[in-house]
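Colleague: Have a look at the structure that comes next, please.
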Amino acid sequence: MLSGRRYFGATIDDHNPGLVVRSVHENGPAASKGLKPGDRLIALNGNSLIQASAGDFKRHLADARETGRLFLIVSRRNSYKTLQIRLEPYTKEQVAKIIAAHMARGHSTRGGAH
């Protein structure tokens with residue numbers, strides 16, 4: 001269930017080594033604080049991301065879910081930027097889109113109720 005969960009609002013890719021922002025979700029928390037596609041992630045809440053994987057990033061995000069506060073350092077065009085991002089709850093529209101996408105991939109329940 002997605003209710004009560006908070007999200008970051010960006011898609012992160014492994015860059016080998018490190019992490020790069022692939023896309024930023026329009027009107028999401030990351031976009032509102034200035035994160036841009038192509039930004040290279042340097043650190044999150046004091047944890048280095050220079051050699052991190054996408055899985056490492058997800059674990060650091062999970063650690064921050066209680067407070068919802070992120071202090072992010074990114075590299076953009078050979079300079080460092082600091083961003084303070086607060087995780088936000090999913091909207092009803094986002095939940096509906098996630099469910100619709102899940103159903104469209106054929107993950108609906110087949111053969112009766114479970």
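The values are calculated or read from the model by the stated rules, or taken from the named source; none is laboratory data. Note that the structure is predicted; figures quoted are calculated from it, not measured. Every residue, glycine as well, gets a Cβ built from its backbone with ideal geometry; the counts of neighbours run over all protein chains shown.
Colleague: What number of residues in region 20-36 are surrounded by 13 or more Cβ atoms within 10 Å (Cβ to Cβ) and either on the phi > 0 side of the Ramachandran plot or more than 12 Å from the chain's Cα centre (by Cα) (or both)?
Modeller: The number of residues fulfilling the criteria is 4.
Colleague: May I ask you to say which residue of GLY46, GLY55, GLY9 is touching a residue at least 60 places away in the same chain (Cβ under 8 Å) and either under 24 Å from GLN94 (Cβ atoms) or in contact with a Phe, Trp or Tyr (Cβ under 9 Å, 6 or more places away or on another chain) (or both)?
Modeller: GLY9
Colleague: Further, regarding this structure: Take the residues in region 37-72 that are under 14 Å from THR82 (Cβ atoms) and not hydrophobic (A, V, I, L, M, F, W, C), then tell me which one is surrounded by the fewest Cβ atoms within 10 Å (Cβ to Cβ). Write out each step before concluding.
Modeller: Of region 37-72, the ones under 14 Å from THR82 (Cβ atoms) are 39-46, 49, 69-72.
With the extra rule that they be not hydrophobic (A, V, I, L, M, F, W, C), the set shrinks to 39-40, 45-46, 69.
Details: ASP39: 23, ARG40: 16, ASN45: 14, GLY46: 8, ARG69: 11.
If we take residues in region 37-72 being under 14 Å from THR82 (Cβ atoms) and not hydrophobic (A, V, I, L, M, F, W, C), then GLY46 is surrounded by the fewest Cβ atoms within 10 Å (Cβ to Cβ).
Colleague: Give me a count of the residues in region 3-51 that are assigned to a loop (DSSP other than H, G, I, E, B) and touching a strand residue (DSSP E or B) at 6+ places or on another chain (Cβ under 9 Å). Can you show your working first?
Modeller: To start, the set of residues in region 3-51 that are assigned to a loop (DSSP other than H, G, I, E, B) comprises 3-5, 8-9, 15-18, 25-28, 33-39, 45-46, 49-51.
Still in the running and touching a strand residue (DSSP E or B) at 6+ places or on another chain (Cβ under 9 Å): 3-5, 8-9, 15, 18, 25, 28, 33-39, 45-46, 49-50.
Final tally of qualifying residues: 20.
Colleague: Being among the aliphatic types (A, V, I, L, M) and in contact with a Lys or Arg (Cβ under 6 Å, 6 or more places away or on another chain) narrows it down to one residue among LEU49, LEU83, LEU35, LEU72; which is it? Outline the logic, then answer.
Modeller: Numbers: LEU49 fails: in contact with a Lys or Arg (Cβ under 6 Å, 6 or more places away or on another chain); LEU35 fails: in contact with a Lys or Arg (Cβ under 6 Å, 6 or more places away or on another chain); LEU72 fails: in contact with a Lys or Arg (Cβ under 6 Å, 6 or more places away or on another chain).
Of the residues listed, the single one that is among the aliphatic types (A, V, I, L, M) and in contact with a Lys or Arg (Cβ under 6 Å, 6 or more places away or on another chain) is LEU83.
Colleague: Right, next: Among the residues of region 68-91, is there at least one that is under 13 Å from the mean Cα position of the chain (by Cα), assigned to a loop (DSSP other than H, G, I, E, B) and of a type in the set (D, E, K, R)?
Modeller: The answer is no; no qualifying residue exists.
Colleague: Also: Please indicate, with yes or no, whether at least one residue in region 84-100 is acidic (Asp, Glu), at pLDDT below 90 and in contact with a Phe, Trp or Tyr (Cβ under 8 Å, 6 or more places away or on another chain). Let's see the steps before the verdict.
Modeller: Kept after step one, since they are acidic (Asp, Glu), are these residues of region 84-100: 88, 93.
Next cut, at pLDDT below 90 only: 88, 93.
Within this subset, residues satisfying the condition of being in contact with a Phe, Trp or Tyr (Cβ under 8 Å, 6 or more places away or on another chain) are 88.
Within region 84-100, one or more residues are acidic (Asp, Glu), at pLDDT below 90 and in contact with a Phe, Trp or Tyr (Cβ under 8 Å, 6 or more places away or on another chain).
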